[in-house]
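Below is one structure, written out as structure tokens; the observations come after it.
The values are calculated or read from the model by the stated rules, or taken from the named source; none is laboratory data. Remember, predicted model here, so these are calculated numbers, not experimental data. We place every Cβ from the backbone using ideal geometry, glycine too, and count neighbours over all the protein chains shown. Only protein heavy atoms, including side chains, enter the accessible area calculation; ligands, DNA and RNA are left aside. Shrake-Rupley method; radii C 1.70, N 1.55, O 1.52, S 1.80 Å.
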Amino acid sequence: MLLQETMKALSDPTRRRVLELLKKGPMSAGDLGKEFDMTGATMSHHLSMLKKAGLVQDRKKGTFIYYEINTSVMEDLLAWVVSFMEEKNDE
């Protein structure tokens, strides 16, 4: 797991909002951009950070790029957090 990159990506409210939107299903970069008051370059930066952290994956379909949540990274992160709860309960 890329924990440092994951935590950095999740620390930003815009990126967390992008993930909330992607819970509904894949969205194009353009559709995601319409949800925010920012330039395309700024949205591209946020998507790049999420991709670097492994939280989203993209696929090209025609002239569009669609983004979707990579649930395996979320599962790894959740398992890591739960491990602290288990250790505390074992005491």
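With respect to L47, is the statement that it is at negative phi, open to solvent by 60 Å² or more (accessible area, probe 1.4 Å) and of a type in the set (A, V, I, L, M, F, W, C) true?
no
Looking at this structure, is L2 modelled with pLDDT under 90, among the aliphatic types (A, V, I, L, M) and out of contact with any helix residue (DSSP H, G or I) (no Cβ under 9 Å at 6 or more places or on another chain)?
No, not satisfied.
Output the residue which, of all residues in the range 8-39 that are outside any loop (DSSP other than H, G, I, E, B) and free of Cβ contacts under 8 Å to residues at least 24 places away in the same chain, is surrounded by the fewest Cβ atoms within 10 Å (Cβ to Cβ).
P13
Quick check on the range 50-91: of everything there that is within 17 Å of R17 (Cβ to Cβ) and part of a strand (DSSP E or B), which residue is least open to solvent (accessible area, probe 1.4 Å)?
Ranking the candidates gives V56 first.
Within the set of pairs 6 or more residues apart or between chains, which connect a residue that is among the aliphatic types (A, V, I, L, M) inside the range 64-78 to a residue that is at pLDDT 90 or above and in a strand (DSSP E or B) with Cβ atoms less than 8 Å apart?
I65/S28; I65/D58; I65/R59; I69/V56
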